[in-house]
Amino acid sequence: MVFNITGSLLGSINLIATIFQLRTAGLEWMRLPVFVWSELVTGFLLLLSFPPLESAAILQLMDRLFGTSFFSPDGLIVGGRHWPVSGGGSALLWQHLFWFLGHPEVYILILPTMGIVGEVIANNTRKPLWNYKWLVYSMLAIGVLGMLVWAHHMYMTGMGQGVTIFFQFFTTAISVPSILIGTILLWSLWGGSIRFSTPMLFALGWLPMFGMGGLTGIPMGWATADLVLHDTYYVIGHFHYMMAPAGIMGLFAGLYYWFPKATGRMMNEFWGKVHFWMTILFFNGIFFPMLIQGFAGVHRRWYDGGAGWQMAQHVLWLNHVMSISAWILAVGQIPFIVNFFWSIWRGRRVASDNPWQATTLEWATPTPPGHGNFLHPVKVFRGPYEYSVAGAARDYLPQWEREESKLPDRKTASI
Ligand SMILES: [Cu+2]
C-alpha cells in the first residue's frame, strides 16, 4: 500500500510536470492526440482501481495465513471442519473490492484501443476526426462513470433494490459516452479518401467488434434481464467481444501502425491483410456462438460443457464451431508472428521518419526514436488532425510544422 501511494504521488507529480513542460511547447489540451487522452484517462483509472484490489489481496492473505476474518463469515465450514477463526467477516466485501478493480479494469483495457483507432482512422481517412472534442469528453465521462458501476456484476447477490437501482442507473448512463465514441469514430469515415492499410483494416474491424461488445452489455446492466442472463455463456460472449475481438483488434491496429516508427522498417502488407481476415472471421466464430448458447441457458460453469443437460442439446454442436474456430484463429496468428520478426530484420526500410504522412508528434522523432525521443525541442503549432486542409500544399499539416494554411482560422481542425 505504501508503495502504491508513493507510486501514485510520484506519478502525479511527473504528470503535472510533463503537462507544464508541454504547455510551454505550445501543446494545449485540445491539441492532444486522442491516444494520449485515452492513456491519460487510463492512467487515472489504474491509479484509482488497483490499490483497493491490492489491499484486498493483503487482507485475504491475512485471512489465510494469520487467522484474521475480513472475508470469512460466521459458521464457515471448510473440508468438513469449522473454519478456525472468529468469523464475522463478509465474503461479499471481497466481491465488492474485486469488482471495484474489475470493472474499471475493463475500461483500462479498452480505452487505449479507442485512442489507437482514432489515430489510425484520422490518418487513413486523411481528414480530421469528426467531433474530436466530444470524443475526448466521452472518454473523460467513461473515466468518471467507470468507477461507479462495479456492482452491476453483483445483482444476484441480494444486495438490495436501492443499491441495485444506483448501479443500474450509472451502468445505463455509461452506455451514452460509449455509444458516442463508437458513433464519432464511425462517422469520421464519412467522406474520407480511405487508405485500406493493414492498421486501418484492424481499426475498421474494431468498430463492429466494439459495437457487439458494447450493445450486448446493455441488457445485463439491468437487473431484471440479468436474472436470466447471469452466469450464462451470453456473459462470456459479451465480455470477450469487448476484450478479445475489440481489444485485440485495436492492439493490432496500433502495432501495425507504429511498427515502422519503432523499427525503421515496414511490415508486409499482404501478410498483414491475411492476418486481419483470419483474425476477424474466426474471432466471431468463437464468440458469436457463445451468445446463442447463452440464450439457450448454457451455464458458464458446467463441467461437461452442457452434454448432460437437456436444454443444451440443440446448441451443443456450437461447441465444435468454437473449438475449430479457435484452432484456425491460432493458425491465423502465424502470418503475424513471422511477419513481425521477419520485418524487424528484413522488412522494407522506411523512406522517411513519417511513412504514413501523419500529423501527430511521435512522427517528428528520428526512426527509431533514440534516448530523449526528439533530436531538437519541438513546438506544436496546431491541432492533432489537420488533414486535407484546403489551400495547403500537402494533404496533411504536421503539428510541429510552422507552415500555415491559407484558411483564416483553422486552429483546431476538429470542431
Ligand atoms: Cu462491469
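The values are calculated or read from the model by the stated rules, or taken from the named source; none is laboratory data. What you see is a predicted model, and the numbers here were worked out from it, not measured in a lab. Heads up, the Cβs are rebuilt from the backbone with ideal geometry, glycines too, and the neighbour counts pull from every protein chain shown. We work out accessible area using only protein heavy atoms, side chains counted, and drop any ligands, DNA or RNA first. Shrake-Rupley method; radii C 1.70, N 1.55, O 1.52, S 1.80 Å.
Run the simple label-point estimate for L92 and V78 please: 7 Å along Cα→C-beta, distance reported in nm.
About 2.2 nm separates the two model spin labels.
Determine the dipole magnitude for the chain: charges of +1 sit on the beta-carbon of Lys and Arg, -1 on that of Asp and Glu, nothing else is charged, the reference point is the Cα centre, and the result goes in debye to the nearest 20.
1020
If ligands, DNA and RNA are left out, what is the accessible area of M159 with a 1.4 Å probe, given in Å² to the nearest 10?
40
Expressed in nm to one decimal, what extension gain is obtained for the pair Q313 and S55 from 0.36 nm per residue of sequence separation less their Cα-Cα distance? Kindly include the intermediate steps, with their values, before the conclusion.
Numbers: separation 258, 0.36 × 258 = 92.88 nm, distance 4.40 nm.
88.5 nm is the gain from fully extending Q313 to S55.
Any idea what the dipole of region 196-350 comes to, in debye rounded to 20, about its Cα centre with Lys/Arg Cβ at +1 and Asp/Glu Cβ at -1?
I would put it at about 780 debye.
Between E28 and W222, what's the calculated FRET efficiency when r is the beta-carbon distance and R0 is 41 Å? Round to 0.05. Before the final figure, lay out the partial values.
Working: r = 40 Å, r/R0 = 0.99.
The value I calculate is 0.50.
Pulled fully out, how much extra length does the chain show between I337 and K273, if you take 0.36 nm times their separation in residues and subtract their Cα-Cα distance?
Contour length minus the Cα-Cα distance gives 21.7 nm.
Assuming a viscosity of 0.692 mPa s and a temperature of 37 °C, what translational diffusion coefficient in µm² per second does Stokes-Einstein assign to the chain, Rh being the Kirkwood radius over Cα pairs? Please report the intermediate quantities before stating the final value.
Details: Rh = 23.9 Å.
After rounding, the answer is 137 µm²/s.
Ignoring everything except DSSP H segments at least 4 long, calculate the 222 nm mean residue ellipticity for the chain; use -39,500 (n - 2.57) per segment, divide by total residues, nearest 500.
-19500 deg cm²/dmol, from helical runs alone.
Among V136, V176, V117, determine the one that fluctuates most according to a GNM of the chain built with springs between C-alpha atoms less than 10 Å apart.
V176
For region 198-228 and region 23-93, what is the separation of their C-alpha centers, rounded to whole Å?
About 26 Å separates the Cα centre of region 198-228 from the one of region 23-93.
I need the calculated FRET efficiency for the pair R346 and D231, taking r as the beta carbon distance and R₀ as 41 Å, to the nearest 0.05.
Once the sixth-power term is evaluated, E becomes 0.25.
Give the long-range amide H neighbours of R265: residues separated by 5 or more places, or on another chain, with amide H under 5 Å away, using H modelled in the peptide plane at 1.01 Å from N.
Residues meeting the amide H criterion: V350.
Round to the nearest 10 and report in Å² the accessible area of R300, as given by a 1.4 Å probe over the protein chains' heavy atoms.
Here the residue's solvent-accessible area equals roughly 90 Å².
Can you tally the lysine pairs in the chain where the Cα-Cα distance is under 28 Å and the two residues are eight or more apart, or on different chains?
Number of lysine pairs found: 14.
Work out, step by step, the length gained on full extension between R402 and I165: first 0.36 nm times the residue separation, then minus their alpha carbon distance; give nm to one decimal.
Full-extension gain reported as 80.0 nm.
Pull up all non-local amide H partners of G383: gap of 5 or more, or a different chain, and H-to-H distance under 5 Å with H placed in the peptide plane.
A413
Heavy-atom accessible area of T68 with all protein chains present, probe 1.4 Å, nearest 10 Å²?
Answer for T68: close to 40 Å² accessible.
By how many degrees, 0 to 90 and rounded to 10, does the Cα axis of helix 132-145 deviate from the longest principal axis of the chain?
Helix 132-145 sits roughly 20 degrees off the main axis of the chain.
In Å², and per residue, what accessible area does the chain have when probed at 1.4 Å with the other protein chains present?
50
Please list the non-local residues whose amide H lies under 5 Å from the amide H of S72, H modeled 1.01 Å from N, same-chain partners needing a gap of 5 or more.
G89, S90
Which residue, chosen from F276, S178, N319, occupies the Cα position most advanced towards the positive end of the dipole of the chain, where the dipole is computed from +1 (Lys, Arg) and -1 (Asp, Glu) charges on Cβ about the Cα centre?
Projecting each Cα onto the dipole axis, the largest value belongs to F276.
How much of the accessible area of region 196-350, in percent, comes from carbon and sulfur atoms when a 1.4 Å probe is used?
Working: 5470 of 7380 Å².
It is 74 percent, rounded to a whole number.
With θ set to phi - 60°, apply the Karplus curve 6.51 cos²θ - 1.76 cosθ + 1.60 along region 352-369 and write out the HN-Hα couplings as whole Hz, x wherever there is a Gly or Pro.
These are the phi-based 3J(HN,Hα) values: 8, 6, 10, x, 8, 6, 9, 10, 7, 5, 4, 7, 8, 7, x, 10, x, x Hz.
Kindly express, to the nearest 10 degrees and within the range 0 to 90, the angle between helix 247-263's C-alpha long axis and the longest C-alpha principal axis of the chain.
40
Using only the heavy atoms of the protein chains and a 1.4 Å probe, how would K127, K133 rank by accessible area, largest first?
In descending accessible area the options line up as K133, K127.
May I ask for the distance between the Cα centers of region 138-193 and region 253-280, given as a whole number of Å?
Computed from Cα coordinates, the inter-centre distance equals 31 Å.
Of D63, D231, D74, which has the most accessible area and how do the rest follow, probe 1.4 Å?
The ranking, largest first, comes out as D74, D231, D63.
Using the Cβ atoms and a cut-off under 14 Å, what net charge is assigned to the surroundings of I121, where Lys and Arg are +1 and Asp and Glu are -1?
Numbers: positive: R126, K127, R195; negative: E119.
Surrounding charge for I121 is +2.
Mind checking the angle between helix 269-295 and the chain's longest principal axis? C-alpha axes, 0 to 90 degrees, to the nearest 10.
It works out to around 30 degrees.
Please give, to one decimal in nm, the separation of the simple spin-label points placed at S193 and L281, each 7 Å out from Cα toward the Cβ.
3.2
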